[in-house]
Amino acid sequence: MRLSRIITLIHGVVLWSLTTIHGQINYEESLAGSHPLPDPLRFEDGTAVGSAVEWTGRRRHELLRLFEDCVYGVFPPRPRMQDFRIVRRIPNALDGLETRLDIALWISPDGESPVLRFTAWLPADADGPVPAFAGVHLFDTSRDFPSPAVGITSESAQGEKALWAGMETGRAILRQGFALISLDIDALAPDGEKRYRTGALSQLRAQTALEAGRPESGALGVWAWGLARVVDYAETDPHLDGRKVIAMGHSRMGKAALWAAANDQRIAMVISNNSGCGGAALSRRNFGESPAHICRVFPYWFSSRFSDYSPHPETLPVDQHQLLALTAPRPVYVASASEDRWADPKGEYLSLFHAQPVYHLLGVKSQLPQEWEPVAHAHQGPLGYHLRNGAHNLTTTDWKHFLNFASGYFRP
Ligand code: GTR
């Protein structure tokens, strides 16, 4: 059986069980609804945002706070003290193509465990600081080589052929002069309702009290916070260009990448692959996974208040096009897959489309077509999008588009 067929089958079984447990999920475009979207360029008091200064100085903050309160929880602060240590260095790995660094971050002087571990693969022959793709669980760091095109959770189902393809993708990325950085989630925020607070959050809580009445970050926010810490690291390592860190992620980590870029304006570009509900997809569209479903299965990813809105997403004061707009004027890329109806590919596209007015206000001339259907090819900017044929996955084809897009901005 072909690999893509196996992946489609596994995904189908997962979706079937979710549908059975949680009731009907809509896949009918005519029933997707047409709730009006909140306007990114209107303050909460109804007045219009008239200038770039008003956006940057006030509206941006207003929206960030609403996303914190209603969707993701308060973005954790930068720690008072940060101690990055290279715990392992392997020069000349991958046939001399790269140097591998395993790095850990401590944030308290009393020897508590690190709050973050990540692996960086640096192109060995770079002349100066290089741009980097950084993502949570971007590839399997237990292996000696980067295999970024292989979905980690389904790796065993994909076999050696896919691993080889992933490794070749890793080589291609390094050869083009980009570094690859992958964050582990175990120290940061393990992906489980009872465990996600055991990592960074527990140490951060001991350092800084949460403002009264505001909701604590869910797991997505802690993963996103980890990406911001990687930028801190990149600013100190002469091999990396701290002004060219690309936050990217697949699926739940695509959601985290978008939230990271919204908060940390040092992140130079963001790429979300098949990020769906709580990521690029519009919450108000009733298609595929809905806020109500995601709050039942993964409540701990979000602010506790997201569940109050989730049965009626049209009551949310924000929607996900405004999340993408928070990255403006920096480049953003959204990728969908044709069979990934759970993630609502059309909702992901429309979100990008409706983020454009903010980009326009900030002087970025993006002209995506309103129609999603004919978009079979990639839009390479200034806002990027592609719809890949096939199932929910991060593939070599996706990476080719991302590499093209990133090279257009940051050719090393
Ligand atoms: C699914 C979840 C999606 C997506 C995906 C993943 O179960 O419903 O929102 O995040 O997991 O991360 O693989």
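All of the numbers you see were taken from the coordinates with simple rules; none came from a lab. Predicted model, so just to flag it, every value in this text is computed and none were measured. Methodologically, a virtual Cβ is constructed for each residue, glycine included, from the backbone with ideal geometry; neighbour enumeration extends over all protein chains shown.
Here are the numbers:
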item	result
Diffusion constant of the stretch 104-245 at 10 °C, which comes from Stokes-Einstein with the Kirkwood Cα-pair radius and 1.306 mPa s, µm²/s	97 µm²/s
Choice from Ala391, Ala343, Ala247 showing the highest fluctuation, given a GNM over the chain with Cα pairs closer than 10 Å	Ala391
Viscosity 0.692 mPa s, temperature 37 °C, Stokes-Einstein D of the stretch 48-184 from Kirkwood C-alpha radius, µm²/s	186 µm²/s
Residue among Ala172, Ala228, Ala120 with the largest mean-square fluctuation in a Gaussian network model of the chain, springs linking Cα atoms under 10 Å	Ala172
Packing-based exposure ordering (other Cβ within 10 Å, fewest first) of Lys194, Lys244, Lys255	Lys194, Lys244, Lys255
Choice from Asp127, Asp140, Asp319 with maximal GNM fluctuation in the chain (Cα, 10 Å cutoff)	Asp127
Helical mean residue ellipticity (222 nm; -39500 (n - 2.57) per DSSP H run of 4+; nearest 500) of the chain	-10500 deg cm²/dmol
Alpha-carbon centroid distance for the pair the stretch 233-285 / the stretch 158-211, whole angstrom	12 Å
The chain: antiparallel DSSP beta bridges as a percent of all, rounded to 5	50 percent
Over the chain - Rg/Rh using Cα atoms and the Kirkwood inverse-distance radius	0.94
Relative exposure of Ser303, Ser338, Ser366, judged by other C-beta atoms within 10 Å (fewest first)	Ser338, Ser366, Ser303
